[in-house]
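The values are calculated or read from the model by the stated rules, or taken from the named source; none is laboratory data. Remember, predicted model here, so these are calculated numbers, not experimental data. Cβ sites come from the backbone with ideal geometry, for glycine too, and all protein chains shown count toward neighbours.
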Amino acid sequence: MKIFLKILAALGVLIVLVIFGVVIWLNTSFPKVGPAKELTIKSDSATIERGKYLANHVSVCIDCHSQRDWKLFSGPIVSGSEGQGGEIFNQDFGFPGSFTAKNITPYGVGNWTNGEIYRAMSTGLSKKGNSLFPIMPYTHFRNMDIEDAKAIIAYIRTLKPIKKDIPASKADFPMNLILNTIPSEADPQTKPSPDNQLKYGEYIVKMAGCSECHTQAIKGVPVAGKEFAGGMEFKLPKFGTVRSMNITPDIATGIGGWTEEDFVKKFKYYNPVVAKNIIMKEGGMQSVMPWTMYNGMTETDLKAVFAYLRTLNPVRNLVMRFTSELVQNKK
């Protein structure tokens, strides 16, 4: 019996040493990203205008880094909150922790160099070298054309400084250990010509991070085989649980039966004026899709997105789009 207990004790010590060694390895070997590089950016009107378009209507940086008015349909941005941060993405959305969108106005990143901002948005490392959870879609932005990245940085430099301090994000175990392994060096690609509609559409889809919300995930990890097939859950207080739709070209459950005209009209319908006239009632079907922001995407870009989505693998996945909180509370 004593020998058995000694063996158990030895195994326990070995396990502790292995875990300790793994933790040290993860913290000393990762992330494998170099220091921020010097980045010179022009601040001419054309560059800033391009950045404004991307940040508000394609990559929608302003969507996640501002305050949204959930009393109105689709939660349009509260005027005057652009870039202040504070949106929380936590366990209610299936994430392995609580992650808070940072203040990207000059109050929040005014002392960051252009290279440090670019490193954060393209590799996932903060100014201090901390790893960011990929709800900040740097895994997509890592391939962004460097000129588009510069344009976004030039634009956010023009935002009104908003004095708002944001609490630190906190990853649950074991994500707090895994997180350092996710960031990787940027691999910027050249933006395809709009004339090459499919390649250009693929580029816009990555820039918009469509797969981030339209792929079911478990604890922040996308479910293999469900890419773009919808089903990601968003729990909205006072409304209920809304799920992203299937945007693969499946005829029965996706957008296989949509025409290009249907697709463009869908995005162009919910303009800011329309959305501000749709007052949401408790238990009513809300949407997390920032329609009022994507509404400003050009028809050329929307048509390219649709053309690319039509090339995806059709996935049969019927999604129950919404479950009212009123229904949930009765269960």
| query | Which of (1) in contact (Cβ under 8 Å) with a residue 60 or more places away in the chain; (2) surrounded by fewer than 17 Cβ atoms within 10 Å (Cβ to Cβ) does Ala217 not meet, given it meets every other one? | reply | (2)
| request: Pick out, from region 92-143, the helices (runs of 4 or more DSSP H) lying fully within it that include 2 or more residues that are of a type in the set (D, E, K, R). | output: 114-123
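Residue by residue, here is whether (1) touching a Pro at 6+ places or on another chain (Cβ under 8 Å); (2) not hydrophobic (A, V, I, L, M, F, W, C) holds:
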residue: Asn90; (1), (2): no, yes
residue: Thr105; (1), (2): yes, yes
residue: Ser122; (1), (2): yes, yes
residue: Ile162; (1), (2): no, no
residue: Ile178; (1), (2): no, no
| message | Just checking, does region 194-211 include any residue being within 30 Å of Ile182 (Cβ to Cβ), among the charged types (D, E, K, R) and free of Cβ contacts under 8 Å to residues at least 12 places away in the same chain? | response | yes
| Criterion: of a type in the set (Ser, Thr, Tyr) and either without any contact (Cβ under 8 Å) to a residue 12 or more places away in the chain or over 16 Å from Cys210 (Cβ atoms) (or both) - qualifying residue of Tyr308, Tyr269 | Tyr269
| request: May I ask you to verify whether Leu177 is assigned to a helix (DSSP H, G or I) and of a type in the set (A, V, I, L, M, F, W, C)? | output: yes
| said: Of all residues being among the charged types (D, E, K, R) and in contact with a strand residue (DSSP E or B) (Cβ under 9 Å, 6 or more places away or on another chain) in region 132-191, which is farthest from Gln216 (Cα to Cα)? Just the residue, please. | reply: Lys170
| said: Kindly evaluate Pro161 against the criterion of being assigned to a loop (DSSP other than H, G, I, E, B) and touching a Phe, Trp or Tyr at 6+ places or on another chain (Cβ under 8 Å). | reply: yes
| query | So is Val319 touching a strand residue (DSSP E or B) at 6+ places or on another chain (Cβ under 8 Å) and over 22 Å from Glu87 (Cβ atoms) or not? | reply | yes
| said: Ala36 - would you say it is assigned to a loop (DSSP other than H, G, I, E, B), in contact (Cβ under 8 Å) with a residue 40 or more places away in the chain and buried (at least 17 other Cβ atoms within 10 Å of the Cβ)? | reply: yes
| field | Pairs, first free of Cβ contacts under 8 Å to residues at least 60 places away in the same chain in region 173-188, second buried (at least 16 other Cβ atoms within 10 Å of the Cβ) and not in a loop (DSSP other than H, G, I, E, B), C-beta under 6 Å, six or more apart | value | Leu179/Ser131; Leu179/Ala171
| note | Selection over region 275-302 where residues are of a type in the set (Val, Ile, Thr), closer than 23 Å to Ile247 by Cα and part of a loop (DSSP other than H, G, I, E, B) yields a count of 2
| task | Within region 141-159, count every residue that is without any contact (Cβ under 8 Å) to a residue 60 or more places away in the chain and among the hydrophobic types (A, V, I, L, M, F, W, C). | result | 2
| For the subset of region 61-93 comprising residues that are among the hydrophobic types (A, V, I, L, M, F, W, C) and touching a Phe, Trp or Tyr at 6+ places or on another chain (Cβ under 7 Å), which member is modelled with the lowest pLDDT? | Phe93
| request: Go through region 250-274 residue by residue and tally those that are modelled with pLDDT of 95 or more, in a loop (DSSP other than H, G, I, E, B) and crowded, with 19+ Cβ neighbours inside 10 Å. | output: 3
| Which of the residues belonging to region 69-127 are within 17 Å of the chain's Cα centre (by Cα) and at positive phi? | Ser74, Gly75, Gly83, Gly85, Gly86, Gly94, Gly97, Gly124
| query | If only one of Lys206, Lys191 is buried (at least 18 other Cβ atoms within 10 Å of the Cβ), within 23 Å of Ala304 (Cα to Cα) and out of contact with any Cys (no Cβ under 6 Å at 6 or more places or on another chain), which one is it? | reply | Lys206
| Any idea how many residues of region 251-284 are among the aromatic types (Phe, Trp, Tyr) and touching an Asp or Glu at 6+ places or on another chain (Cβ under 6 Å)? | 0
